[in-house]
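Every read-out reported here was derived from the displayed coordinates using simple, explicitly stated rules and does not represent laboratory data. It should be emphasised that the depicted structure is a prediction, and the values quoted were computed from it without experimental measurement. Virtual Cβ from ideal backbone geometry, glycine too; neighbours counted across all protein chains shown.
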Amino acid sequence: MHQKFNSGVSVLLRGGAAGVLAFAMLFGLSGTGPASLTGTAVATAPTVIPQGFLLTEAEARAPQSDESLYEEGWAVSDGIGQPLQVSPCDKVDFGIGWERTSMRTITHFNSAPGFSSEQLVLHRTVGAAQRALKLLRADLRQCSESKYSVKALRAGDEAIWVQGPQWGGRRDTVSIYAAIVRRGKAVMIYALDEGNYQPGLGLLTKPAKKMAAKVCGIRGICD
């Protein structure tokens with residue numbers, strides 16, 4: 001089904017009712033960002049994410065059988081004002097949104113509930129991308145009471161590995177694992193919940209490093 005949120009952010013949701021509920025609880029895609037960060041910004045952006053560019057995009061956009069829709073689904077959003085998939089302090093902050101030129105978020109969710117996600121954000125300048133990651137690091141430090149674990153990761157130009165609680169519906173939490181990488185003007189996030197994460201398999205670091213190399217194929221991102 002195709003659903004349009006209040007701010008004009010268009011999201012493709014495919015999945016059963018349980019999956020949609022799980023996704024909404026975990027990520028709260030309410031589209032509450034400023035209108036200036038949505039359609040207009042995307043239309044005039046000098047650099048955009050090509051269609052089909054993300055690693056999970058082909059699978060996310062592929063038709064699913066009626067049987068599988070009861071158990072799992074995908075959400076694909078080009079909303080430029082969406083929060084980052086790692087959301088420390090349970091905070092939704094669009095303060096740096098004007099420095100973004102394009103953004104795509106893909107989430108796979110199931111009725112467990114469980115999720116995995118891929119997110120790519122392109123910025124106007126390298127400095128803007130650096131500030132985005134710096135602000136995220138600051139939020140992770142501020143939320144030390146939430147027991148986030150942050151470690152350096154060798155990928156791209158700079159990267160971190162994050163483990164900690166993500167707020168869900170009704171103030172419930174679920175533990176998430178994420179690889180967050182900056183390469184040039186791009187910031188990418190790969191995240192899994194505790195049910196889907198398996199240590200030692202590179203389920204997050206491998207795709208993060210692959211995208212860190214692939215994103216340089218977009219003109220101007222790594223120049």
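Between ARG137 and SER65, what is the label-to-label distance in nm when each label sits 7 Å out along the Cα-to-Cβ direction?
Each label point lies 7 Å from its Cα, and together they span 4.8 nm.
What is the set of long-range amide H partners of GLU72 at a cut-off below 5 Å, with H atoms built 1.01 Å from backbone N?
Placed amide hydrogens put GLY16 under 5 Å from GLU72.
If we count every other residue with Cβ under 10 angstrom of ILE160's Cβ, Lys/Arg +1 and Asp/Glu -1, where does the sum land? The partial results should precede the final answer.
Numbers: positive: ARG137, LYS151, ARG182; negative: GLU158.
Taking every other residue near ILE160 into account, the sum is +2.
Need the full-extension length gain, GLU194 to LYS210, defined as separation in residues times 0.36 nm minus the C-alpha distance. One decimal, nm. Kindly include the intermediate steps, with their values, before the conclusion.
Working: separation 16, 0.36 × 16 = 5.76 nm, distance 2.24 nm.
Between GLU194 and LYS210, full extension yields 3.5 nm more.
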